[in-house]
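Bear in mind that the values in this text are calculations on the coordinates, not laboratory data. The structure presented is a predicted model; accordingly, all values stated were derived computationally and were not measured. When we count neighbours, we look across all protein chains shown, and the Cβ atoms used for this are built from the backbone with ideal geometry, even at glycine.
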Amino acid sequence: MPSLSDALDRALADALAEARYPTKRLADSAQALSHRYRAGVDPTSVVLDADIAAAAYAAYRMPATHAAVVAALSEVAALAPDFAPRTVVDIGGGTGAAVWAAARVWPSLAEATVLDHSAQAMSLGRRLAERADSEAVRRTRWQRASLGNTELPPTDIATLSYVLSELTEKARGSTVRAMAGATLAVVIEPGTPAGYERVMAARDELIAAGMHVVAPCPHSGTCPIPRGQDWCHFAARLGRSALHQRLKTATLNFEDEKFAYVAAAREPWPTAPARVVRHPLKRKGLVSLRLCGADGLADSIVSKRDPAAYRTARDTSWGDPWVTGGNDR
Ligand SMILES: C[S@@+](CC[C@H](N)C(=O)[O-])C[C@H]1O[C@@H](n2cnc3c(N)ncnc32)[C@H](O)[C@@H]1O
């Protein structure tokens with residue numbers, strides 16, 4: 001099961017143990033955070049405004065945001081195996097989930113910068129990063145920044161993960177437009193209808209700034225999903241540590257983080273011919289795939305009569321690219 005990198009898992013456990021927060025305090029703070037996020041964040045406030053709030057975020061949410069970013073970046077990396085980025089700027093990076101993810105997906109990474117307005121989140125992020133197995137993560141530059149008229153340093157990758165809902169409409173636009181200077185810009189949001197809408201708005205901004213959509217969409221045209229009726233999202237499964245389980249009062253030792261994302265590149269990038277946008281339905285001798293391709297949405301049935309395509313379809317998951325045939329309906 002894809003989970004945290006072992007090093008991040010250990011770093012979280014060690015840093016939180018070192019801080020000696022009683023589990024009850026951490027759990028209360030995690031619950032307060034969760035209420036705040038659900039109610040909608042006031043964009044003029046700093047949510048992670050205390051060490052305990054940053055610790056609760058890292059324990060309660062960072063494993064899941066990290067898993068979602070790893071999943072999104074892995075799709076981009078699979079399309080361009082020769083891409084070997086050296087620099088990442090993680091905007092609203094908080095405790096550094098996306099920096100860890102970028103270094104995990106691209107070991108070529110040499111320099112990472114986190115921009116955030118929460119000193120407490122970045123202070124914990126720095127302590128976690130000190131324990132990283134990647135030198136780029138260990139040497140991350142943590143810079144206090146208030147997003148709005150942000151100018152980004154030149155970078156191969158710009159990430160914006162789980163941040164847009166905390167920004168004003170104006171700051172959302174200017175932040176995403178600033179990302180268009182990167183070779184690759186990746187925006188990740190929760191896999192909810194509202195998260196998908198924010199991703200779609202970011203996608204429009206990136207296209208208007210001259211970028212090319214890389215993933216999940218196989219094209220830079222209009223999204224064929226009927227607005228208001230459905231939303232494009234994916235899921236990343238992650239293992240839960242014992243602390244994670246305790247904080248969530250959860251019985252399962254894993255969870256599925258639903259996320260929506262868009263990756264866009266300044267130059268044309270290889271794209272998948274189509275992408276699987278639902279859990280494939282696997283029945284005896286048949287696999288039904290819901291696909292998004294250049295011609296829009298289609299349901300494709302792959303049968304045992306095409307053994308090679310059938311074998312591939314059996315191994316295909318929600319979110320994967322689809323390159324082979326089937327009978328479209
Ligand atoms: C939900 S957290 C996501 C953190 C991290 N990107 C992740 O994926 O785990 C949102 C982050 O955005 C930061 N943020 C929100 N509004 C901001 C602003 N106006 N300027 C700078 N940082 C901001 C918060 O401090 C917080 O670290």
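Computed values, structure above
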{"read-out": "Using alpha-carbon coordinates, inclination of helix 119-129 to the longest axis of the chain, degrees", "value": "70"}
{"read-out": "Percentage relative contact order, the range 179-329, counting C-alpha pairs under 8 Å, at least six apart", "value": "25"}
{"read-out": "Computed magnitude of the charge dipole of the chain (debye, nearest 20; Cβ of K, R +1, Cβ of D, E -1)", "value": "900"}
{"read-out": "Rounded to 10°, Cα long-axis angle of helix 51-60 versus longest principal axis of the chain", "value": "30"}
{"read-out": "HN-Hα J in Hz across the range 172-187 - Karplus 6.51, -1.76, 1.60, θ = phi - 60°, x for Gly and Pro", "value": "4, x, 5, 5, 5, 5, 5, 5, 5, x, 7, 4, 9, 10, 10, 10"}
{"read-out": "Integer Hz, Karplus 6.51/-1.76/1.60 couplings in order for the range 166-171, x for Gly and Pro", "value": "9, 10, 5, 3, 5, 5"}
{"read-out": "Estimated inter-spin distance, ALA308 and ASN253, nm [label 7 Å along Cα→Cβ]", "value": "4.1"}
{"read-out": "Within straight-line cross-link reach of LYS304, lysines at Cα separation under 25 Å, skipping those fewer than 8 residues along the same chain", "value": "LYS282, LYS284"}
{"read-out": "Theoretical ellipticity at 222 nm over the chain - DSSP helices of four or more residues, -39500 (n - 2.57) apiece, nearest 500", "value": "-11500 deg cm²/dmol"}
{"read-out": "Sequence ranges 195-202, 243-250, ranked by mean other-Cβ count within 10 angstrom, highest first", "value": "195-202, 243-250"}
{"read-out": "Residue order, fewest to most surrounding Cβ atoms within 10 angstrom, among HIS212, HIS233, HIS279", "value": "HIS279, HIS212, HIS233"}
{"read-out": "Of all DSSP beta bridges in the chain, antiparallel share, percent nearest 5", "value": "65"}
{"read-out": "FRET efficiency estimate (nearest 0.05) - Cβ-Cβ, ASP230 to ALA50, R0 56 angstrom", "value": "0.90"}
{"read-out": "Formal net charge of residues neighbouring GLU18 (Cβ-Cβ distance under 14 Å; K, R +1; D, E -1)", "value": "+2"}
{"read-out": "Tilt relative to the chain, helix 193-208 - C-alpha long axis, 0 to 90 degrees, to 10", "value": "80"}
